[in-house]
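Student: Please find one structure pasted underneath; my questions will follow.
The values are calculated or read from the model by the stated rules, or taken from the named source; none is laboratory data. Model, not experiment: these values are computed from the prediction. We place every Cβ from the backbone using ideal geometry, glycine too, and count neighbours over all the protein chains shown. Accessible surface areas use protein heavy atoms only, side chains included; no ligands, DNA or RNA. Shrake-Rupley method; radii C 1.70, N 1.55, O 1.52, S 1.80 Å.
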Amino acid sequence: MFKNSPFISASVILLGSTAHAADIDRPLLDAPVAYYGPSETAPLRSSSGLRGYIEGSYAHGKSGTFELDNSTWSLRGAVNYDTGSGFNVQGDLDWARTTVEEDFDYDRFGGTGHLYYRPSQDFAFGAFGSWSRFQSDIFDLAGIPGLDDDIDDKLAGIEGAWFNDAATVYAAIGYGKADYSGEEADHYMGRLGLRYFLSDNLRFDLEGSLNRLSYDVADLDIRTLKAVANYRPEGLPVTFFAGYRYDEWEPSLDGASVGSEDNHSVMAGMRVHFGSSSLKDEERSGPIWSSTSLLP
């Protein structure tokens, strides 16, 4: 049905049969010396403007209609530099390998740059640009001639975050192009998330996102919902996290749905931080933004 839409058909094959690792973001390593405000109780900023983390995670999932088992190993690193004048730069790199039913694998790798303004611990806003590549021989296995082994996705947009003592609310919107076998699809993205702190080192995350790939008369909607718990033991630069992720892929032709496929997965991982003393400390003055990959 997608013979006139090679990009969308390839995306359905790739996306509809696999689960994806969790995009959790937050940091972990040396605890810095913090400057204190007049109250002498709340850390305001690190003595160093450089903070970040490296994280690894594993996810296991099962698709609904096709009942395909899938697993994903992933690595992600993020570093944030605070200039001291309110302007910040955050850079992310990520890699993941997904195996479906032990029959085939695909790799994802990419990077994102964020330039934003955070003049206080009340809000932040800025812009991002990202690039991702997905590589697999799944298209050869599908028996569709003339298809490449990779998809390139470029995305840019704006993002904002609002902080209070108990929570962070953040949002992002973006637009870009995904290139496959010489064809380009429009890529629209929207994301909304909440991070709620029960304490400085215990946080619950909830995030929903929508990605739409649009090519000629065909569209593919990718909906994702994630819930993650994060715990950082007092005095350690390490966070342990675990959670649940739901993905749904719905292709359509001329605006009419032609079915959908979903995937349920559970995941767990560990983050190693540098430059922060707690989860909340890092959230307020280190990396804020989550991954913008099409398949986070």
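Student: Among the residues of region 61-81, is there at least one that is open to solvent by 20 Å² or more (accessible area, probe 1.4 Å), over 24 Å from ALA167 (Cα atoms) and of a type in the set (Lys, Arg)?
Tutor: yes
Student: Residues of region 82-126 being under 17 Å from the mean Cα position of the chain (by Cα), among the charged types (D, E, K, R) and open to solvent by 60 Å² or more (accessible area, probe 1.4 Å), which ones?
Tutor: Across region 82-126, the qualifying residue is only ARG97.
Student: Same structure, new question: Is it fair to say ALA178 is closer than 21 Å to ASP94 by Cβ and open to solvent by less than 60 Å² (accessible area, probe 1.4 Å)?
Tutor: Spelling it out, ALA178 is indeed closer than 21 Å to ASP94 by Cβ and open to solvent by less than 60 Å² (accessible area, probe 1.4 Å).
Student: Given (1) more than 17 Å from PRO237 (Cα to Cα); (2) open to solvent by less than 50 Å² (accessible area, probe 1.4 Å); (3) modelled with pLDDT under 50; (4) of a type outside the set (A, V, I, L, M), where does PRO38 come up short, assuming only one miss?
Tutor: (2)
Student: Is it the case, given these coordinates, that GLU283 is touching a residue at least 12 places away in the same chain (Cβ under 8 Å) and buried (at least 20 other Cβ atoms within 10 Å of the Cβ)?
Tutor: Criteria met by GLU283.
Student: I've got another one for you. State yes or no: is LEU206 in a strand (DSSP E or B), surrounded by fewer than 17 Cβ atoms within 10 Å (Cβ to Cβ) and free of Cβ contacts under 8 Å to residues at least 24 places away in the same chain?
Tutor: Yes.
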